[in-house]
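To start, the structure itself, in structure tokens.
The values are calculated or read from the model by the stated rules, or taken from the named source; none is laboratory data. Note that the structure is a prediction, hence the values are computed from the model and not measured. In this analysis, Cβ positions are derived from the backbone assuming ideal geometry, glycine residues included, and neighbour counts consider all displayed protein chains. Ligands, DNA and RNA are excluded from the accessible area calculation, which covers all protein heavy atoms including side chains. Shrake-Rupley method; radii C 1.70, N 1.55, O 1.52, S 1.80 Å.
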Amino acid sequence: MPNILLLGGTTEASALARLLAERDVSATFSYAGRTENPRAQPVPIRIGGFGGVSGLAAYLRDHRVTHLVDATHPFAATMSAHAVEAARIAGVPHAALSRPAWRPEPSDDWRSVADIAGAVNALAVPPLRVMLALGRMHADAFAAQPHHHYLLRFVDAPSQPITLPNHSLVVDRGPFGIDGDIRLMRDRGIDLVVCKNAGGSGAQAKLAAARHLHLPVLMIDRPALPDRLEFHRPQDVLDWIDHAASFGNERGV
Ligand code: 3Y8
Ligand code: NAP
């Protein structure tokens, strides 16, 4: 019988959890514990790190996991690297459920940068009203460019003071809608949107809103991820799990 460990935290991970629950497949949904009230899931949840590669490999063995599915965010590069290595050590089949990177439409005004530091450097320009749609973990990096007004959007109210001198904060969790993001950007007089190339649908609204308002986008490219088996649709992950199980070979190899 398959026993899945699903590394979650994305819309696609939640969609896969629903499919697994509908098919009554044994699965555990894993959150890092970054937010106060993570979305409930239709399968058992575990919250918190594993303790690095060795901790995850031990978890896979101790819980007799038959398949490890990494459905974390494309910027969760450490988790994804650990997942590939721990699955190899434990001899557990591994696959990623990821979403293709966003691509600009012909009318879009995107400038791509390699990483957060690249985005900070790109803001060495006269004062702007910047929507920093990066969440909480990277906001402080932009204190190096304190002359802009930053609109921040966090999932939870911050527990630490925000070091950006000139900012306003919206506490909201996605998935976001286009009309809501158009209203937010228009009401706050946004000149520029800074975001990660997350892909998927849950964060895409801001790109459509920027397009509608003819705003430029500073797009942060994804970090490098290890080579691995990847699917883009939850159903394809289910077929991969079924294929291994139907061959009576739970190791999926
Ligand atoms: C804890 C689980 C679902 C999944 C929903 C997706 C969509 C909405 C859009 C903006 C961009 C951002 C941020 C974002 C989105 C989905 C998805 C996605 C971006 C939750 C969640 C967890 C997190 C962690 C959080 C990070 C932050 C990033 C906010 C739950 C809601 C900016 C990424 O306060 C913090 O410490 C937040 C940290 C990592 C990035 C950062 O660097 O701050 N996600 N987001 C997961 C865990 O503990 O394992 O609370 O329910 C999940 C979702 N956030 O099933 O509904 O599929 O991506 N999340 C980015 O894309 O740039 C917001 O504002 O436009
Ligand atoms: P990260 O930097 O790649 O991972 C750092 C450490 O956090 C990992 O080594 C692991 O700790 C722990 N961790 C990460 N994801 C985990 C999970 N799903 N279950 C258990 N432990 C996890 O990760 P991150 O970028 O902080 O992302 C954390 C979570 O937020 C992930 O679930 C991700 O899908 C979600 N998320 C992230 C973003 C983003 O922009 N980064 C956006 C949306 C959602 P140990 O080493 O102790 O095992």
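The table for this structure:
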item	result
The range 90-244 - percent relative contact order, Cα under 8 Å, separation 6 or more	33 percent
Whole-number percent relative contact order across the range 127-203, with pairs defined as alpha carbons under 8 Å at least 6 apart	38 percent
Potential lengthening between ARG228 and GLU22 on full extension [0.36 nm per residue; Cα-Cα distance subtracted]	71.5 nm
Accessible area in square angstrom per residue, the chain, 1.4 angstrom probe	49 Å²
Along the chain, longest interval not containing exposed trypsin sites (Lys or Arg not before Pro), exposed being DSSP loop plus at most 11 other Cβ atoms within 10 Å	65-250
Charge dipole (the chain, unit charges on Cβ, about Cα centre) - positive-most of PRO234, SER107, PRO175	PRO175
Helix-derived mean residue ellipticity, 222 nm - over the chain, DSSP H n ≥ 4, -39500 (n - 2.57), to 500	-9000 deg cm²/dmol
Cα centre as origin, Lys/Arg/Asp/Glu Cβ charges: the range 43-108 dipole, Debye	260 debye
For the chain, with +1 on Lys and Arg beta carbons and -1 on Asp and Glu, the positive-most of GLN160, ALA86, PRO126 along the dipole	GLN160
Neighbourhood net charge (11 Å Cβ-Cβ; Lys/Arg +1, Asp/Glu -1) for PRO158	-1
Long-range Cα-Cα pairs in the range 123-253 (distance over 19 Å), rounded percent	58 percent
Span-rule helices in the chain, defined as complete DSSP H runs reaching 27 Å or more along the axis (Cα) with Kyte mean at least 0.0	none
Paramagnetic reach from ASP221 in the range 109-147 [backbone N under 13 Å; point 7 Å along Cα→Cβ]	111-116, 118-119
Accessible-area composition of the chain, carbon plus sulfur, in percent [1.4 Å probe]	53 percent
Unit charges on C-beta of K, R, D, E only; dipole of the chain, Debye	280 debye
Protein-only accessible surface order, largest first, of PHE142, PHE231 at 1.4 Å	PHE231, PHE142
Residues listed by number, the range 22-65, amide nitrogen under 20 Å from ILE89 label point at 7 Å toward C-beta	30-32, 47-65
Distance histogram for the range 1-105 (every C-alpha pair counted, 10 angstrom bins, percent rounded to whole numbers)	15, 50, 29, 5, 1
Exposure rank, largest accessible area first [HIS232, HIS149, HIS73; 1.4 Å]	HIS232, HIS73, HIS149
Segment HIS147-SER54, length gained on full extension (0.36 nm per residue, minus Cα span)	29.1 nm
Considering only the chain, percent of DSSP beta bridges that pair antiparallel, nearest 5	0 percent
Three-way shape call for the range 69-123 based on the alpha-carbon gyration tensor, with the a/c threshold at 1.5	oblate
Ratio of the Cα radius of gyration of the chain to 2.2 N^0.38 Å, where N counts its residues	1.09
Nearest-20 debye value, the range 76-141 charge dipole, Cβ charges on Lys, Arg, Asp, Glu	120 debye
Estimated distance in nm for a label pair at ARG46 and SER159, the labels positioned 7 Å out from Cα along Cα-to-Cβ	2.2 nm
Extension gain, GLU36 back to ASP242 (0.36 nm per residue minus Cα-Cα distance, nm)	70.7 nm
Inter-part distance where the range 55-72 and the range 1-30 are each reduced to a Cα centre, Å	13 Å
